[in-house]
Structure formats: C-alpha cells, structure tokens
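Below: the structure, in structure tokens.
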Amino acid sequence: MSDGAPPTGNSIELPAIPPFDLTRVVRSHGWSALPPFRWNEGTETLSTSCELDGIPTTIEMRQVGPATVQARWSGTAADRRVALVVSRMLRLSEDLSEFRRRCRRRRGLRHVAEDGLGRLLRCPSPWEDAVKVLCTTNVNWAGTKSMAERLVSEFGAVADDGRRCFPGPRRILDAGSEALLTKARMGYRAARLIDFASSVLDKRIDPHRWDDHLIDSDQIRREIRGIKGFGDYATATIMALTGRYDFVPIDSAYMEFVTRWHFNGTKPTRREAEAVYESWGRWKHLAYWFQRFDD
C-alpha cells in the first residue's frame with residue numbers, strides 16, 4: 001500500500017471525545033516517526049501495520065469529521081479488533097477536560113486548552129510501546145529510529161500489502177539475542193528485550209493489564225520497574241502511554257528542562273526536580289510533556 005492509497009475491503013468510523021485533531025495527536029509524540037507508523041503530511045493520514053489475533057494487518061486512519069476517525073484495512077481482521085486498536089492508538093475515549101481546564105491558568109500551557117491538546121499517540125499494544133521506550137534509553141533519537149527500523153524490517157510479520165509489522169514477543173524470542181545484536185544492533189538492550197519477551201510468553205508479565213485502570217497505578221509501576229532494563233524514566237514513560245500520568249520521566253532531558261525553566265539555570269537535586277510538577281497530581285507527566293513541547 002502506498003501512502004495516500006487506502007487499503008480496500010473494510011472501513012469503520014469511530015467517534016472521539018471532543019475536541020479531537022488527528023494531526024495534533026500525531027505531532028504531539030515522536031512515535032509517528034518510528035516504523036511501522038507512517039504519517040502522510042499531504043493527506044493527513046496515519047497508518048501502521050500490526051498483528052491482530054495473529055493476522056498481519058495494515059490500518060490507515062484519517063479524520064473525517066470534527067470528532068470522527070475513519071479506519072480502513074484489508075484482510076480478515078475483525079471490525080471490533082481494529083476498533084479497539086485504533087481507539088488505543090489515538091486515545092479516542094480519553095477525557096482530558098480536567099487537564100485542559102488546569103492548563104488555562106498555567107504558564108507555558110495555555111495552548112493546551114486553546115488547541116485541545118493532551119492526547120499522546122501510542123502504539124497498537126503496550127508491548128510495542130514498551131519495546132520502543134527501551135529503544136530510547138541511553139541513546140539519541142537517531143539511534144532509536146534505527147533500532148525500530150531494523151526490528152521491523154528484520155523480524156516483523158508481513159501484511160498483505162507487503163508492509164511489515166512490529167515484532168511481537170514470540171518473534172523476538174525466536175530471533176534470539178545474537179540476531180538482535182547483529183541485525184537490530186540493539187547493544188545491551190538485546191538481552192533485556194529477550195528477558196522481557198520471555199516473561200510475556202511465560203505469562204509472568206501481561207502488558208495488556210497495564211491498560212486496565214481498575215488496577216492500582218502503584219502496582220503497575222512496581223511491575224514495570226521490576227523488568228530488567230526498565231528504570232525510573234522508562235517506567236514513567238510507559239505508564240504515561242497507558243494513560244497513567246502520575247510520575248514524571250526523570251532523565252537528562254527532564255533535568256535540563258526543569259533546570260532552565262524552573263530553577264533559572266541552577267541545577268536542582270533530583271528530589272527538587274521531581275517536586276516541580278507535584279501540584280498536578282494525576283496529570284504530572286502531561287503537564288511536563290506539553291510545557292516542554294511548547295518550549
């Protein structure tokens with residue numbers, strides 16, 4: 001499937017809690033630059049390829065109304081399954097009205113309320129989100145993109161349009177750590193990814209549970225933090241991608257930003273830096289993200 005030529009065969013329209021703007025959702029997070037995502041700026045169309053119940057499927061999404069998204073795909077994936085995945089990626093049912101109200105009164109965040117921002121693009125599954133976060137640790141963005149590209153091109157299942165999906169835990173485990181080192185060039189992350197995939201397949205970890213907001217956030221945080229290779233930054237980032245914004249991702253980028261924005265260039269202690277967004281409660285991560293995003 002070429003960009004701008006939608007897949008044929010299946011189409012559904014899904015409502016979003018307004019306000020909703022697909023372009024702003026895509027631009028609010030870097031995931032759109034990582035395969036198998038593709039963003040067509042000219043047609044304002046987002047597409048990706050993923051395995052749905054074992055069926056490699058390419059989905060194309062575009063906005064067709066003020067708060068309506070159309071999803072199109074070919075193949076035999078069920079409508080309901082596609083709808084769930086699209087809703088997850090675009091956070092169609094996420095109510096961010098409280099966060100936006102609070103942004104109206106805060107420096108560097110009024111644009112969030114004015115432009116209806118707050119949604120962060122995420123992957124079809126928590127697994128894919130988590131692996132991509134692992135690919136952001138201790139590396140620059142170019143390195144992250146290269147790892148994601150190689151994981152998809154080397155190990156992803158092929159959809160009926162020829163595009164490759166992001167590899168799931170079985171494909172990662174079957175590939176083995178040596179292939180992750182030599183073909184995906186993941187460095188120390190290769191062993192961490194093998195451990196993670198093994199834990200998922202052995203059912204010691206179920207990433208899909210992370211999306212369940214009936215489960216206490218502290219419990220989810222402990223589970224993610226206990227995975228080898230996932231430190232405080234990765235844990236906070238993954239939690240935000242599940243809609244849990246309770247923690248800020250303290251890394252070098254965070255420290256640089258709060259030093260400049262909140263401490264007039266004097267580097268704070270970790271505790272002081274973490275306390276900057278304490279007043280935001282369950283919206284901490286989003287407040288930091290969009291304040292930095294506008295910087």
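Residues in segment 120-151 that are open to solvent by 10 Å² or more (accessible area, probe 1.4 Å) and either touching an Asp or Glu at 6+ places or on another chain (Cβ under 8 Å) or farther than 28 Å from residue 206 by Cβ (or both): how many?
Just the residues of segment 120-151 that are open to solvent by 10 Å² or more (accessible area, probe 1.4 Å), to begin with: 122, 124-125, 127, 136-143, 145-146, 149-150.
Right, trim to either touching an Asp or Glu at 6+ places or on another chain (Cβ under 8 Å) or farther than 28 Å from residue 206 by Cβ (or both) and you get 122, 140-143, 145-146.
Of the residues in segment 120-151, 7 are open to solvent by 10 Å² or more (accessible area, probe 1.4 Å) and either touching an Asp or Glu at 6+ places or on another chain (Cβ under 8 Å) or farther than 28 Å from residue 206 by Cβ (or both).
Return the only residue of 74, 28, 32 being more than 15 Å from residue 164 (Cα to Cα), in contact with a strand residue (DSSP E or B) (Cβ under 8 Å, 6 or more places away or on another chain) and not aliphatic (A, V, I, L, M).
Details: 74 fails: more than 15 Å from residue 164 (Cα to Cα); 28 fails: in contact with a strand residue (DSSP E or B) (Cβ under 8 Å, 6 or more places away or on another chain).
Being more than 15 Å from residue 164 (Cα to Cα), in contact with a strand residue (DSSP E or B) (Cβ under 8 Å, 6 or more places away or on another chain) and not aliphatic (A, V, I, L, M) holds for just one of 74, 28, 32, which is 32.
In segment 172-179, is there at least one residue being surrounded by fewer than 21 Cβ atoms within 10 Å (Cβ to Cβ), polar (S, T, N, Q), modelled with pLDDT of 95 or more and farther than 30 Å from residue 73 by Cβ? Explain how you work it out, then say what you get.
Our first condition is that a residue be surrounded by fewer than 21 Cβ atoms within 10 Å (Cβ to Cβ); within segment 172-179, this holds for 173-179.
Add one more test, that the residue is polar (S, T, N, Q), and what stays is 177.
This time we only want the ones that are modelled with pLDDT of 95 or more, so: 177.
Among the residues that remain, those that are also farther than 30 Å from residue 73 by Cβ are: 177.
Looking for residues that are surrounded by fewer than 21 Cβ atoms within 10 Å (Cβ to Cβ), polar (S, T, N, Q), modelled with pLDDT of 95 or more and farther than 30 Å from residue 73 by Cβ, one finds at least one in segment 172-179, hence yes.
Search segment 119-130 for residues that are over 23 Å from residue 18 (Cβ atoms) and in a loop (DSSP other than H, G, I, E, B) and pair each with any residue that is of a type in the set (Gly, Ala, Ser) and open to solvent by 10 Å² or more (accessible area, probe 1.4 Å) when their beta-carbon atoms are under 9 Å apart and the residues are at least 6 apart or on different chains.
125/168
Being within 21 Å of the chain's Cα centre (by Cα) and surrounded by fewer than 17 Cβ atoms within 10 Å (Cβ to Cβ) is the filter here, so list the residues in segment 196-210 that pass it.
206, 208, 209
What pairs can you find where one residue is in segment 200-222 and in a loop (DSSP other than H, G, I, E, B), the other is open to solvent by 60 Å² or more (accessible area, probe 1.4 Å) and not hydroxyl-bearing (Ser, Thr, Tyr), and their Cβ atoms are less than 8 Å apart, with a gap of 6+ or different chains?
Close Cβ pairs satisfying both conditions: 215/209.
Please note which helices (runs of 4 or more DSSP H) are completely contained in segment 225-295 and include at least 1 residues that are closer than 20 Å to residue 126 by Cβ and of a type in the set (Val, Ile, Thr).
Result: 232-241.
When you check residue 87 against the structure, is it in contact (Cβ under 8 Å) with a residue 60 or more places away in the chain, surrounded by fewer than 21 Cβ atoms within 10 Å (Cβ to Cβ), of a type in the set (Ser, Thr, Tyr) and part of a helix (DSSP H, G or I), yes or no?
For residue 87, the condition - in contact (Cβ under 8 Å) with a residue 60 or more places away in the chain, surrounded by fewer than 21 Cβ atoms within 10 Å (Cβ to Cβ), of a type in the set (Ser, Thr, Tyr) and part of a helix (DSSP H, G or I) - is met.
Please tell me if residue 144 is outside any loop (DSSP other than H, G, I, E, B), touching a residue at least 24 places away in the same chain (Cβ under 8 Å) and closer than 22 Å to residue 15 by Cβ.
For residue 144, the condition - outside any loop (DSSP other than H, G, I, E, B), touching a residue at least 24 places away in the same chain (Cβ under 8 Å) and closer than 22 Å to residue 15 by Cβ - is not met.
Restricting the search to segment 240-295, which residues are buried (at least 22 other Cβ atoms within 10 Å of the Cβ), under 30 Å from residue 85 (Cβ atoms) and aliphatic (A, V, I, L, M)?
If the condition is that a residue be buried (at least 22 other Cβ atoms within 10 Å of the Cβ), under 30 Å from residue 85 (Cβ atoms) and aliphatic (A, V, I, L, M), then 240, 241, 248, 286, 287 are the ones that fit.
What number of residues within segment 43-75 satisfy the criterion of being open to solvent by 20 Å² or more (accessible area, probe 1.4 Å) and more than 21 Å from residue 94 (Cα to Cα)?
Qualifying residue count, segment 43-75: 10.
The values are calculated or read from the model by the stated rules, or taken from the named source; none is laboratory data. All of these numbers come straight from a predicted model, not from anything done at the bench. Here Cβ is always computed from backbone atoms with ideal geometry, including for glycine, and neighbour counts include all displayed protein chains. Ligands, DNA and RNA are excluded from the accessible area calculation, which covers all protein heavy atoms including side chains. Shrake-Rupley method; radii C 1.70, N 1.55, O 1.52, S 1.80 Å.
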